[in-house]
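The values are calculated or read from the model by the stated rules, or taken from the named source; none is laboratory data. From a predicted model like this one, the values you see are computed outputs, not experimental measurements. Using ideal geometry, Cβ is built from the backbone for each residue, glycine included, and neighbour counts are taken over all protein chains shown.
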């Protein structure tokens, strides 16, 4: 009889851990509800490194998460929906940008508040956007040692 109780107890512990893991995984992928938030929209040229569930931060503090990303077939921009915590009122001239945590760190969405007296309402669009900057392309420009105009004059001078 005691073996039966031990099996039931072990099964209950495994089930509780599995449910806890599913709740944790669901929060990370934006599967749980977004109670206490309101939606805002923004269109980016590039959202490289950003996915659904990515943090939205202001002054380094998480204030929301990305809830949807889709490609606009007319503009070829990434239309993004974010959920911002209730109680955080953003001026309507705020800027939104894709930032990196470091050279090799992950990406997140950063909101830079503006100075307007009018605030964004739920469902409004943030117009001032800046997409992701490709670290690889920056490194290639740096490794190139200058602009193409400088290299073409150097090569044309050596043929004379």
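Take the residues of segment 92-110 that are more than 17 Å from residue 78 (Cα to Cα) and surrounded by 15 or more Cβ atoms within 10 Å (Cβ to Cβ): which is modelled with the lowest pLDDT? Steps first, please.
At the first step, the residues of segment 92-110 found to be more than 17 Å from residue 78 (Cα to Cα) are 92-94, 100-106.
Within this subset, residues satisfying the condition of being surrounded by 15 or more Cβ atoms within 10 Å (Cβ to Cβ) are 92-94, 100.
Numbers: 92: 92, 93: 93, 94: 94, 100: 84.
That would be 100.
Here is a yes/no grid of residues against (1) in contact with a strand residue (DSSP E or B) (Cβ under 7 Å, 6 or more places away or on another chain); (2) modelled with pLDDT of 85 or more; (3) surrounded by fewer than 10 Cβ atoms within 10 Å (Cβ to Cβ):
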site: 3; (1), (2), (3): no, no, yes
site: 15; (1), (2), (3): no, yes, no
site: 25; (1), (2), (3): no, no, no
site: 28; (1), (2), (3): no, no, no
site: 43; (1), (2), (3): yes, yes, no
site: 54; (1), (2), (3): yes, yes, no
site: 58; (1), (2), (3): yes, yes, no
